[in-house]
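Throughout, read-outs are computed from the coordinates displayed, never taken from laboratory work. It should be emphasised that the depicted structure is a prediction, and the values quoted were computed from it without experimental measurement. A quick note on method: Cβ atoms are made from the backbone with ideal geometry, for glycine too, and the neighbour counts reach across all protein chains shown.
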């Protein structure tokens, strides 16, 4: 996956905040994932970590991640090295 190289400046934040396709909670989650993707191009936070950060249930964070993927904001890659999987990479696409 090619690393996304976009400056996180006022224009970036305005474009996300003004996007009518995303709910407010999806906007916050996307910006968070984007911030933690700087450097590697992807974020490796688990659902458990994201649940704790956003004080959500299992289904709440799963729904946000699924919605962001379905709306074309992220791509999720699972790196397998047995069961359970070894790592999940969340790539911001916009």
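Numerical summary
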{"quantity": "For the chain, built as a Gaussian network whose Cα springs stay under 10 Å, the top-fluctuating residue of 31, 74, 53", "calculated": "53"}
{"quantity": "Likely footprinting exposure, 70, 89, 64, fewest C-beta neighbours within 10 Å first", "calculated": "70, 89, 64"}
{"quantity": "Crossing angle, helix 58-70 versus the chain [Cα axis fit, 0-90 degrees, rounded to tens]", "calculated": "60"}
{"quantity": "Angle in degrees between helix 24-35 and the longest Cα principal axis of the chain, rounded to the nearest 10", "calculated": "70"}
{"quantity": "log₁₀ of I(q)/I(0) at q = 0.13, 0.25 Å⁻¹ - the chain, Debye sum with one point per alpha carbon", "calculated": "-0.43, -1.49"}
{"quantity": "Sequence of 13, 30 once ranked by neighbouring C-beta atoms within 10 Å, starting from the fewest", "calculated": "13, 30"}
{"quantity": "Ellipticity estimate at 222 nm from DSSP helix runs (n ≥ 4, -39,500 (n - 2.57)) divided over the chain, nearest 500", "calculated": "-13000 deg cm²/dmol"}
